[in-house]
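Read-outs: derived from the displayed coordinates by stated rules, not from any lab. This is a predicted model, so every value here is computed, not measured. All Cβ positions, glycine included, derive from the backbone under ideal geometry; neighbour counts span all protein chains shown.
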Amino acid sequence: MEHTQYSLLQLSDTHLQAAGKRLKTGDSGAQALKSAISKAFRMLPRFDGVILSGDLVDRGAQEEYLELKEGLRDLPADLPVFFCLGNHDASDAFAKVFGPLGASDFNDVSESHYQYSTPLFQCNGQTVRLVVLDTLEPGDDQGHLCPKRLQWLHTTLSRYPKDRILLVMHHLPFLTGSGLFDSMVVEERHALREVLFAFPTVERILCGHFHRSCVTQLGAIPVVVSPSTVHAYPLSYRGRKHEPLVIDEPPGFTIHRFIHDAHNAYWVSHFVQHSP
Ligand SMILES: [Fe+2]
């Protein structure tokens with residue numbers, strides 16, 4: 001009996017560059033994206049949706065988003081793609097290539113930020129719903145959730161008291177112990193916790209940003225951080241003078257599968273490495 005009800009592919013920190021360009025590290029975001037999609041579909045023949053969890057491109061330029069759009073043609077044309085923005089993104093350039101959020105058929109579209117919700121599928125009479133948060137603050141690598149964004153989250157979660165919520169955000173809402181990244185986590189993470197703890201419907205948070213896989217929890221909510229498709233960062237970093245920014249470790253992506261057995265239904269997250 002098939003127990004998997006729904007499979008999501010999470011591609012994070014794809015960092016696409018303009019055609020023919022490479023990252024400072026020498027990596028190609030386009031080549032890495034192609035390799036990740038190819039590996040994912042060798043592991044599973046079919047997905048129900050794809051999440052791109054921020055740092056879609058490297059400099060927030062329109063030509064980079066065009067390259068991303070080209071790279072995503074490797075996905076089946078009817079596969080839904082859910083975007084989330086990161087600190088390397090620029091919402092205006094993104095919208096010029098992928099269209100404004102207001103023109104989408106997502107629910108609860110925010111007027112001021114790239115935030116929305118959408119139902120994914122039904123499980124035992126409940127809707128499993130994706131809610132995407134925007135932690136991008138232009139000009140700042142640190143993640144932010146201003147009162148407006150947090151109010152939107154509260155209002156949106158209040159609207160669906162019976163749904164099972166999968167929350168996606170680029171920046172981490174917790175400290176990792178990494179000197180490189182802990183100055184760039186969500187500054188208002190304590191205010192976020194206050195909102196989330198009022199909603200037991202939130203059953204998993206998916207992030208990117210860290211360029212490494214890791215897992216923690218906010219109260220009872222598991223937080224799963226997907227690696228970058230392009231390269232991996234070290235856990236501790238002493239600066240460019242002392243060592244290269246990326247380390248000799250394969251990049252990757254994450255497959256989240258919703259499993260339905262006789263007694264329970266739950267998400268299982270699988271980290272996968274690939275070799276661009
Ligand atoms: Fe990134």
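Per the Debye formula with a single identical scatterer at each Cα and no solvent contribution, what log10 I(q)/I(0) holds for the chain at q = 0.12 Å⁻¹?
Computed log10 I(q)/I(0) values: -0.70.
Quick one: compute the contact order of the chain, relative version, from alpha carbon pairs under 8 angstrom and 6+ residues apart, as a percent.
On the way: 621 pairs, mean separation 56.1, N = 276.
So the answer I get is 20 percent.
To the nearest Å, what is the center-to-center distance of the stretch 191-220 and the stretch 251-265, using C-alpha atoms only?
Between the Cα centre of the stretch 191-220 and that of the stretch 251-265, the gap is 17 Å.
For a distance above 22 Å, tell me the whole-number percent of Cα pairs in the stretch 45-124 that qualify.
26 percent
Testing the spin-label approximation: label points 7 Å from Cα along Cα→Cβ at LYS34 and ASP48. State their distance in nm.
A separation of 3.1 nm, rounded to one decimal place.
Where does each of 259-270, 231-242 land if you order them by average Cβ count within 10 Å, highest first?
Final packing ranking: 231-242, 259-270.
Please compute P(r) over all alpha-carbon pairs of the stretch 193-232, binned at 5 Å starting from zero, and give each bin as a whole-number percent.
Computed distribution, short to long bins: 6, 24, 26, 17, 13, 8, 4, 0.
Given a cut-off of 17 Å, what percent of all Cα-Cα pairs of the stretch 155-263 lie beyond it?
Here the long-distance tail beyond 17 Å is 60 percent of all Cα pairs in the stretch 155-263.
Please provide three numbers in whole Å: the alpha-carbon extents of the stretch 221-270 along the principal axes, with the largest listed first.
Principal-axis extents of the Cα atoms in the stretch 221-270, largest first: 55, 21, 10 Å.
Where nothing but the Cβ of Lys and Arg (+1) and of Asp and Glu (-1) is charged, how large is the charge dipole of the chain around its Cα centre, in debye to the nearest 20? Please report the intermediate quantities before stating the final value.
Values: 25 positive and 31 negative charges, 78 e Å.
With Lys and Arg at +1 and Asp and Glu at -1, about 380 debye.
Using only DSSP helix segments of four residues or longer, with each worth -39500 (n - 2.57), what per-residue ellipticity at 222 nm results for the chain after dividing by its residue count and rounding to 500?
Numbers: 5 runs with 54 residues, N = 276.
The per-residue figure over the chain is -6000 deg cm²/dmol.
Do any trypsin sites (Lys or Arg not before Pro) in the stretch 5-51 lie in a loop, going by DSSP, with at most 16 other beta-carbon atoms within 10 Å of their beta carbon, and if so which?
Sites meeting the loop and neighbour criteria: LYS21, ARG22, LYS24, ARG46.
Between ARG240 and GLN273, how many nm apart are label points set 7 Å from Cα along the C-beta direction?
According to this spin-label approximation, the distance is 2.8 nm.
May I ask for the longest run of the chain untouched by GluC sites (Glu not before Pro) that are loop-located per DSSP and have at most 12 neighbouring C-beta atoms (other than their own) within 10 Å? Write out the running numbers ahead of the final one.
Details: sites that count: GLU2, GLU111.
Longest stretch, sites excluded: 112-276.
Report the one residue of GLY125, GLY71, THR156 whose Cα lies farthest in the direction of the positive end of the charge dipole of the stretch 50-196 (charges on C-beta: Lys and Arg +1, Asp and Glu -1; origin at the Cα centre).
Most positive-ward Cα: GLY125.
Past 30 Å, Cα to Cα: identify those pairs from LYS24/LYS96; LYS39/LYS241; LYS96/LYS162; LYS69/LYS241, in the order given. Write down the numbers at each step before the final one.
Values: LYS24/LYS96 26 Å; LYS39/LYS241 35 Å; LYS96/LYS162 35 Å; LYS69/LYS241 36 Å.
Violating the 30 Å limit, Cα to Cα: LYS39/LYS241; LYS96/LYS162; LYS69/LYS241.
Grab every C-alpha pair in the stretch 103-221, bin the distances at 10 angstrom width from 0 up to the longest one, and report whole percents.
Spelled out bin by bin, the stretch 103-221 gives 13, 47, 32, 8, 0 percent.
Quick one: grab Rg to one decimal and Dmax as a whole number for the stretch 155-206, Cα atoms only, in Å.
According to the Cα coordinates of the stretch 155-206, Rg and Dmax are 12.6, 39 Å.
What residue among CYS207, CYS84, CYS146 has the largest mean-square fluctuation in a Gaussian network model of the chain, using Cα springs under 10 Å?
Maximum among the listed residues: CYS146.
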